[in-house]
Amino acid sequence: MTRRLKPLTPQRVGELPEPCDCCMYWETAGSLEPACGSACDRAALQEWVRTVRREWGDCGRVAYEDGEVLGFVTYAPGSYFPRTRTMPVGVPDSDAVLLACIHIAPESRRHGLGSLLLQAVIRDLSSRGERVLEAYAAADREEAAGSPMITSGFLLDHGFTVVRPHPVHPLMRLELTALVAWADSLEAALAALQLPLRVGVRAPAPLAGSPMTGHSLR
């Protein structure tokens, strides 16, 4: 068994499960249901990843086990996500990077993978001089299934605080300068996760809140 964390690239977009491999919810504007895959265009998503990597840098991490995707995370400055212009609490602050989504394969949840992916984001951003991470949250855990939002419970459990309240989709913020430490080796931490044996075809979905993970895993 081999597990790896790899940057999200245009080529790896095609390795993500459906509908994640074509979901353009955050990368488009206009009226859309807040659901994964409500706007779907794989070529456009690949071009978005290519553009952000060229202009700003890495914008995602993908966790693999023996070449199969366990989960992934995407992030970039808010200006790269047109959807932010339609959010009821407004766009992210100009000093912040937006944590757009964290998706975990259902059978891999509640084992720490969500936390590890978040740590990978924090490490990457800190090394690039970024100081603030923001995210739009799903306030209602029951309505989070199939949503592109991360549940507020997961974000609260990992140090985020609400900066713009909203009954459905508040904006939450994490000051990276306040963090003390994270795993010395993310690859070693990934390898050590006690994940269940893989059975059948997995289809990562937004983290669902649970006592162990807030929004899903620790």
- Query: Given 49, 91, which one is touching a Pro at 6+ places or on another chain (Cβ under 6 Å) and β-branched (Val, Ile, Thr)?
  - Reply: 49
- Message: Suppose we filter 69, 52 for residues that are outside any loop (DSSP other than H, G, I, E, B), out of contact with any helix residue (DSSP H, G or I) (no Cβ under 6 Å at 6 or more places or on another chain) and aliphatic (A, V, I, L, M); which single one remains?
- Response: 69
- Output the qualifying pairs, or none if there are none: Cβ atoms under 9 angstrom, residues six or more apart or on different chains, first residue in segment 120-137 and without any contact (Cβ under 8 Å) to a residue 60 or more places away in the chain and within 20 Å of residue 26 (Cβ to Cβ), second residue in a helix (DSSP H, G or I) and among the hydroxyl-bearing types (Ser, Thr, Tyr). 132/177; 136/84; 137/152
- Out of the residues in segment 70-82 that are in contact with a Gly (Cβ under 9 Å, 6 or more places away or on another chain) and not hydroxyl-bearing (Ser, Thr, Tyr), which is farthest from residue 55 (Cα to Cα)? 71
- Are any residues in segment 83-96 in a helix (DSSP H, G or I) and surrounded by 17 or more Cβ atoms within 10 Å (Cβ to Cβ), and if so, which ones? 83, 84
- For residues that are in contact with a Phe, Trp or Tyr (Cβ under 8 Å, 6 or more places away or on another chain) and crowded, with 19+ Cβ neighbours inside 10 Å, tally how many sit in segment 6-33. 6
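Read the figures in this text as sums done on the coordinates, not as results from a lab. Just so it is clear, the structure is predicted and the values come from calculations on it, not from any experiment. Cβ sites come from the backbone with ideal geometry, for glycine too, and all protein chains shown count toward neighbours.
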